[in-house]
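Chemist: Once you've had a glance at the structure underneath, I'll fire off some questions.
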Amino acid sequence: MARLELEGVSRYFFGVQAVKDLSMVVPPGRVTGLIGPNGAGKTTVVNLITGLLKLSAGRIALDDRDIGELQPHQVARLGVSRTFQNIRLLKEASVVDNIVVGFHVSDSTSFLAQALGLPSVRKTRAALAGRVHELLAQFAMETYAECLAGELSYGHQRRVEIMRALALGPNVLLLDEPVAGMNDVEAHELGAIFRALAERGLAVLVIEHNMELVMSLCDEVYVLESGELICQGIPEQVRSDPRVVEAYLGAEVC
Amino acid sequence: MIAQQLLNALVVGSVYALFALGFTLIFGVHHILNLAHGAVFMWGAFVGLYAVTLLHAPFIVALLCASLAAGLLSVALDWVAFRPLRSRGAPEFSAIISSIGAGLILMNIAQRVSQTRVMRYPFGTFPIEVYTIFGLRVTLLQLVIIGSVAIIVAALFAYIFYTGFGRQIRAVAINERTASLLGVSPSRVYFQTFFISGALAGAAGVLIGIAFNSVSFLMGEPYMLRAFVVIVLGGLGSIGGAVIAGLLLGLIQTMTIAYVSTALSDAVLFSLLFLILLVRPTGFFGTLRMERRVTRE
Amino acid sequence: MTGALAGYQSVLNLVLLNCGLALSQFVVLRAGVFSVATPALASIGAYVAGIAALSFGAGAAAGLLAATAAGTLTGLLLSLPLARLRGVFQAIATVALVQIVLSLALYATDLTGGANGLNGIPKLIGTPELLLSVAATVYLLGSLGRSRIGHAFDAIRQDETVAVTLGISAVAHQALAFALSGAIAGLTGGLMAYHNRSVIPEEFGFSMLVTVLAYVVLGGRRSVLGPLAGATILTLLPELARPLADNRLIVHGAVLMLVIAYLPHGIVDTLQIARRRRMTAAARAQPVAKEAANGPA
């Protein structure tokens, strides 16, 4: 259980403001939504949290620990996991191998034990295989275990990415448009999984354009426009906020 | 004495600059590290020599022939070694490997053609005249080398920075896709940059061949390796940087040979390269963006 | 009869030594490091082993241990500065290293014998030792490849951003790859010294760099069988036909160009990917087949 907190976070690119003075909380046990028009700075927020971008100002904390200066792999080791808006799988590797990479931090198969053929290896390998299989089952992807990740359909690739993010054993899960390109049935299947994860104690942040999903799934929604927070609240409040409606040109929200 | 050394440094350095200019041009515009550049240079030297020995061409004609031939060879190289990779969107690693392969093939052919011999210009190809200027002994050959390099570099700068074609090349250097959306034909730009790059290498090959009166199929490699020092020192892809760095390299090498040791000159040069990469990998004159480690940035 | 057998054996030994070099190059490429330092590291191993035997009367085991240790240490030291660089810059820095080691070997005559190299080294190893060391290296690298470290290498090579966001330290893993590459190259260099009974400085230059790179490009960068296949094929080709031996550079050059353009994963990895692709097609076909079997209910 961990609580992610952003305080006055800003980021400039060559003087242009991508994110301005953003404060938000992603609490454990909840699904938090982050929405906004294209180019509003949503992915920048995820990159700032995961250590891919330097903060221009502000503070990011995981529980009470400041993580705003840590390198990406250190942030990941504290249990902050993410998916990418433009799916980034290891395309030359199988689905299983993609997931196994996610287990890197917790995998205890030591090279020495492996080289010496110690019996412990078989045990840890079996345990690892079991956890991979659990994930595959949870996402109904068992059939595709040995397939090349790069050759799967769009929706299946998204699932593999989410499984890989979960393999890290995260406390905080950041999902950057996790259901883009899926139909409503698939989207709601995944939505149910996200809800279940939150109920297990994860702090889940979802960036999504699928408003219907956001409104039905999220406990709290933040709305960004041009890098600034324009609205925050429970879905019903956000849905009726005139600034939000204006930002979306009244199109999808109503 | 030191003035005489400085003159030597200027001669050597200007040829380094000429060689490295073509190398850095291709990298700057197309982000291709063309490791066959040394082989193109070597073939320029071959053509220049054969023009003199077989066709009895005057030196200036030989120089032009060699530039033209090396330019065309370089264009052919682009078609055979790089274009197939471009159409597949292969990573930079692939282009490096492919150019190494092309360089090996060109070297092997040159080896067969020259029967592995070191070839020399016939006596009297270039009149040996020595002038004394401000107490310095200057040969006609040295003047011609410095003069030709100065003219070629000036022409290159004029072409790239003051003509419409040059503007197209610079547009592609900044972003090939955007440039082609704006109506620049990338294939014409590739043709030009590879031709110019090859022609510069060919001219450098002839000048080096006559300066040391030695032409062999192995002559490309040491220049190729030294060009690394030039382009890194000058900033990968920076044309102005390559000229300054070429001259600087000539200076460092001449001074090392004169005052430290001939045997150590390579060790000094490449240690310098290694150090620059550690301290300031983008070089001292260029402003090229470089591929970075994934860290907070 | 024995003559023919001895001929086969010397070819086999050559294949095994080249496999060692290829494995050293393979480790770094697998981890996404574009280092080409193998010749420099092997050269250090060869000199350490040679000097250990000549000056200190070391036996094979002690000498090879020293060579491996020297290679590992150099690789590790190298990784400190180089792990900060990427791509082309790593390649250029390691090319510089190869040149530095070569020119220092030529310069430090008292220690290395200069251009003559080291001669009269006792013949301390034969085919069994070579087989044993290659087998041990393959076994270790194979185990490593199946452990979490191998998965981390693959992730960093394919997408460093993904790797780091999964908690993998790219810098630490690439440092490990450098150290392993150094260990294997050092060992192989030592084996070369004790097998050839001499160390020739020029052998460890740019042409070895290119050849070793060709082994791995041809064979593949992911599976440990790749470098073995690449080294075996390219070593045997010239032995099979005289014209191939006379034009070794053309063979290597053409292999590099063709493989990188049309078989960019190399032979072994392409076969493995093709197998997976068939399984993918089968898996995607399966649900459809099920629906068809159930029919309209």
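The values are calculated or read from the model by the stated rules, or taken from the named source; none is laboratory data. Note that this is a predicted model, so its numbers are computed, not measured. Note that each Cβ is placed from the backbone with ideal geometry, even for glycine, and that neighbours are counted across all protein chains shown.
Chemist: Condition first: β-branched (Val, Ile, Thr), within 26 Å of B:GLU221 (Cα to Cα), touching a Leu at 6+ places or on another chain (Cβ under 9 Å) and more than 12 Å from chain B (Cβ to nearest Cβ). Can you find one or more residues in segment C:261-275 that meet it? Steps first, answer last, please.
Modeler: Within segment C:261-275, the first condition is being β-branched (Val, Ile, Thr), and the residues that meet it are C:267-268, C:270, C:273.
Still in the list and also within 26 Å of B:GLU221 (Cα to Cα): none.
No, that holds for no residue.
Chemist: Still on this structure: So, of the residues in segment A:170-181 that are more than 17 Å from A:ASP219 (Cβ to Cβ) and in contact with a Phe, Trp or Tyr (Cβ under 8 Å, 6 or more places away or on another chain), which turns out to be surrounded by the fewest Cβ atoms within 10 Å (Cβ to Cβ)?
Modeler: Checked segment A:170-181; the qualifying residue surrounded by the fewest Cβ atoms within 10 Å (Cβ to Cβ) is A:GLY181.
Chemist: Sticking with this structure for a sec: Limited to segment B:47-77, what total is found for residues that are of a type in the set (S, T, N, Q) and surrounded by 23 or more Cβ atoms within 10 Å (Cβ to Cβ)?
Modeler: So in segment B:47-77, the residues of a type in the set (S, T, N, Q) come out as B:53, B:67, B:74.
Next, only the ones that are surrounded by 23 or more Cβ atoms within 10 Å (Cβ to Cβ) stay: B:67, B:74.
Selection size over segment B:47-77: 2.
Chemist: Would you mind listing the strands (runs of 3 or more DSSP E) fully within segment A:147-254 where at least 2 residues are more than 19 Å from A:ALA2 (Cα to Cα)? Explain how you work it out, then say what you get.
Modeler: Numbers: elements: A:172-176, A:203-207, A:220-225, A:228-233.
Filter on segment A:147-254 gives A:220-225, A:228-233.
Chemist: Give C:THR188, C:THR280, C:THR235, C:THR270 a once-over and let me know the one that is closer than 30 Å to C:ALA58 by Cα and either surrounded by 16 or more Cβ atoms within 10 Å (Cβ to Cβ) or modelled with pLDDT under 90 (or both).
Modeler: Values: C:THR280 fails: closer than 30 Å to C:ALA58 by Cα; C:THR235 fails: closer than 30 Å to C:ALA58 by Cα; C:THR270 fails: closer than 30 Å to C:ALA58 by Cα.
The conditions single out C:THR188.
Chemist: Filter segment A:216-254 down to residues that are among the small types (Gly, Ala, Ser) and either in contact with a Phe, Trp or Tyr (Cβ under 6 Å, 6 or more places away or on another chain) or modelled with pLDDT of 85 or more (or both) and give me whichever is surrounded by the most Cβ atoms within 10 Å (Cβ to Cβ). Give the derivation first.
Modeler: Of the residues in segment A:216-254, the ones among the small types (Gly, Ala, Ser) are A:216, A:226-227, A:233, A:240, A:247, A:250-251.
Pick out the ones that are also either in contact with a Phe, Trp or Tyr (Cβ under 6 Å, 6 or more places away or on another chain) or modelled with pLDDT of 85 or more (or both) and you get A:216, A:226-227, A:233, A:240.
Numbers: A:SER216: 13, A:SER226: 15, A:GLY227: 22, A:GLY233: 15, A:SER240: 12.
This residue is A:GLY227.
Chemist: For the subset of segment A:131-156 comprising residues that are among the polar types (S, T, N, Q) and within 12 Å of chain C (Cβ to nearest Cβ), which member is surrounded by the most Cβ atoms within 10 Å (Cβ to Cβ)?
Modeler: To start, the set of residues in segment A:131-156 that are among the polar types (S, T, N, Q) comprises A:138, A:143, A:153.
Filter again for within 12 Å of chain C (Cβ to nearest Cβ), leaving A:143, A:153.
On the way: A:THR143: 16, A:SER153: 12.
Only one residue tops the list, namely A:THR143.
Chemist: Can you name every one of the helices (runs of 4 or more DSSP H) wholly within segment C:23-114 that holds 3 or more residues which are away from chain B (no Cβ under 14 Å), touching a Phe, Trp or Tyr at 6+ places or on another chain (Cβ under 8 Å) and among the small types (Gly, Ala, Ser)?
Modeler: Fully inside segment C:23-114 and qualifying: C:38-56, C:60-82.
Chemist: Is at least one residue of segment C:152-160 at the interface with chain A (Cβ under 7 Å from one of its Cβ atoms), of a type in the set (S, T, N, Q) and either over 28 Å from C:ALA96 (Cβ atoms) or in contact with a His (Cβ under 6 Å, 6 or more places away or on another chain) (or both)? If you could, list the steps in order and put the result at the bottom.
Modeler: At the first step, the residues of segment C:152-160 found to be at the interface with chain A (Cβ under 7 Å from one of its Cβ atoms) are C:152, C:154-155, C:158-159.
Those left that are additionally of a type in the set (S, T, N, Q): C:158.
Narrowing further to those that are either over 28 Å from C:ALA96 (Cβ atoms) or in contact with a His (Cβ under 6 Å, 6 or more places away or on another chain) (or both): none.
No: segment C:152-160 contains no residue that is at the interface with chain A (Cβ under 7 Å from one of its Cβ atoms), of a type in the set (S, T, N, Q) and either over 28 Å from C:ALA96 (Cβ atoms) or in contact with a His (Cβ under 6 Å, 6 or more places away or on another chain) (or both).
Chemist: Within segment B:214-229, take every residue that is among the aliphatic types (A, V, I, L, M) and closer than 18 Å to B:GLY202 by Cα and give me the one that is nearest to the other protein chains (Cβ to nearest Cβ).
Modeler: Keep residues of segment B:214-229 that are among the aliphatic types (A, V, I, L, M), which gives B:215, B:218-219, B:224-225, B:227, B:229.
Add one more test, that the residue is closer than 18 Å to B:GLY202 by Cα, and what stays is B:215, B:218-219, B:224-225, B:227.
Numbers: B:VAL215: 18, B:LEU218: 10, B:MET219: 13, B:MET224: 9, B:LEU225: 6, B:ALA227: 10 Å.
Here the residue is B:LEU225.
Chemist: With the requirement that a residue be more than 11 Å from chain B (Cβ to nearest Cβ) and assigned to a loop (DSSP other than H, G, I, E, B), what does segment A:46-60 give you?
Modeler: A:SER56
Chemist: Evaluate segment B:237-259: report whether one residue or more is outside any loop (DSSP other than H, G, I, E, B), within 11 Å of another protein chain (Cβ to nearest Cβ) and closer than 19 Å to C:LEU106 by Cα.
Modeler: Keep residues of segment B:237-259 that are outside any loop (DSSP other than H, G, I, E, B), which gives B:239-259.
Then drop every residue that is not within 11 Å of another protein chain (Cβ to nearest Cβ), which leaves none.
No: zero hits.
Chemist: Against the definition (in contact (Cβ under 8 Å) with a residue 60 or more places away in the chain, among the hydrophobic types (A, V, I, L, M, F, W, C) and part of a loop (DSSP other than H, G, I, E, B)), how does B:LEU35 come out, yes or no? Working first, answer last.
Modeler: On the way: in contact (Cβ under 8 Å) with a residue 60 or more places away in the chain: yes; among the hydrophobic types (A, V, I, L, M, F, W, C): yes; part of a loop (DSSP other than H, G, I, E, B): yes.
Yes, satisfied.
Chemist: Now for a different question. Among the listed residues C:LEU191, C:LEU249, which satisfies the condition of being hydrophobic (A, V, I, L, M, F, W, C) and away from chain B (no Cβ under 14 Å)? Working first, answer last.
Modeler: On the way: C:LEU249 fails: away from chain B (no Cβ under 14 Å).
That would be C:LEU191, the only listed residue that is hydrophobic (A, V, I, L, M, F, W, C) and away from chain B (no Cβ under 14 Å).
Chemist: Please work out which residue is surrounded by the most Cβ atoms within 10 Å (Cβ to Cβ), limiting yourself to segment C:140-151 and to residues that are within 7 Å of chain A (Cβ to nearest Cβ) and in a helix (DSSP H, G or I). Write out each step before concluding.
Modeler: Our first condition is that a residue be within 7 Å of chain A (Cβ to nearest Cβ); within segment C:140-151, this holds for C:140, C:143-144, C:146-149, C:151.
Narrowing further to those that are in a helix (DSSP H, G or I): C:140, C:143-144, C:146, C:148-149, C:151.
Working: C:LEU140: 18, C:SER143: 21, C:LEU144: 22, C:ARG146: 17, C:ARG148: 23, C:ILE149: 23, C:HIS151: 25.
Across segment C:140-151, the extreme among qualifying residues is C:HIS151.
Chemist: Restricting the search to segment A:90-115, which residues are more than 8 Å from chain C (Cβ to nearest Cβ), under 19 Å from the mean Cα position of the chain (by Cα) and not hydroxyl-bearing (Ser, Thr, Tyr)?
Modeler: Scanning segment A:90-115 gives A:VAL95, A:ASN98, A:ILE99.
Chemist: Among the residues of segment C:24-55, which ones are small (Gly, Ala, Ser) and in contact with a strand residue (DSSP E or B) (Cβ under 7 Å, 6 or more places away or on another chain)? Even if it seems obvious, please write down each step before you answer.
Modeler: Just the residues of segment C:24-55 that are small (Gly, Ala, Ser), to begin with: C:24, C:31-32, C:35, C:37, C:40, C:42-43, C:45-46, C:49-50, C:52-53, C:55.
Matches in segment C:24-55: C:ALA46, C:GLY50.
Chemist: Additional query: Restricting the search to segment A:69-88, which residues are more than 8 Å from chain C (Cβ to nearest Cβ), part of a loop (DSSP other than H, G, I, E, B) and touching a residue at least 40 places away in the same chain (Cβ under 8 Å)?
Modeler: Residues satisfying the conditions are A:LEU78, A:GLY79, A:THR83, A:GLN85, A:ILE87.
Chemist: Moving on to the next point. Give me the residue from segment A:89-114 that is at pLDDT below 90 and in a helix (DSSP H, G or I) and, out of that set, nearest to C:ARG157 (Cα to Cα).
Modeler: Here the answer is A:PHE111.
Chemist: Looking at this structure, is A:ARG59 under 16 Å from C:ARG148 (Cα atoms) and of a type in the set (Lys, Arg)? I'd like the intermediate steps shown before the answer.
Modeler: On the way: under 16 Å from C:ARG148 (Cα atoms): no; of a type in the set (Lys, Arg): yes.
No, not satisfied.
Chemist: To continue, here is another question. Please go through segment C:198-222 and pick out each residue that is more than 13 Å from chain B (Cβ to nearest Cβ), under 29 Å from C:ALA52 (Cβ atoms) and crowded, with 23+ Cβ neighbours inside 10 Å.
Modeler: Answer for segment C:198-222, where residues must be more than 13 Å from chain B (Cβ to nearest Cβ), under 29 Å from C:ALA52 (Cβ atoms) and crowded, with 23+ Cβ neighbours inside 10 Å: C:VAL199, C:PHE204.
Chemist: Of all residues in segment B:93-121 being more than 20 Å from the chain's Cα centre (by Cα) and either part of a helix (DSSP H, G or I) or under 20 Å from B:GLY198 (Cβ atoms) (or both), which is modelled with the lowest pLDDT?
Modeler: Filtering segment B:93-121 for residues more than 20 Å from the chain's Cα centre (by Cα) gives B:93-94, B:108-109, B:111-121.
Applying the additional criterion that residues be either part of a helix (DSSP H, G or I) or under 20 Å from B:GLY198 (Cβ atoms) (or both) yields B:93-94, B:108-109, B:111-114.
Working: B:PHE93: 83, B:SER94: 89, B:ASN108: 94, B:ILE109: 95, B:GLN111: 94, B:ARG112: 93, B:VAL113: 94, B:SER114: 93.
Only one residue tops the list, namely B:PHE93.
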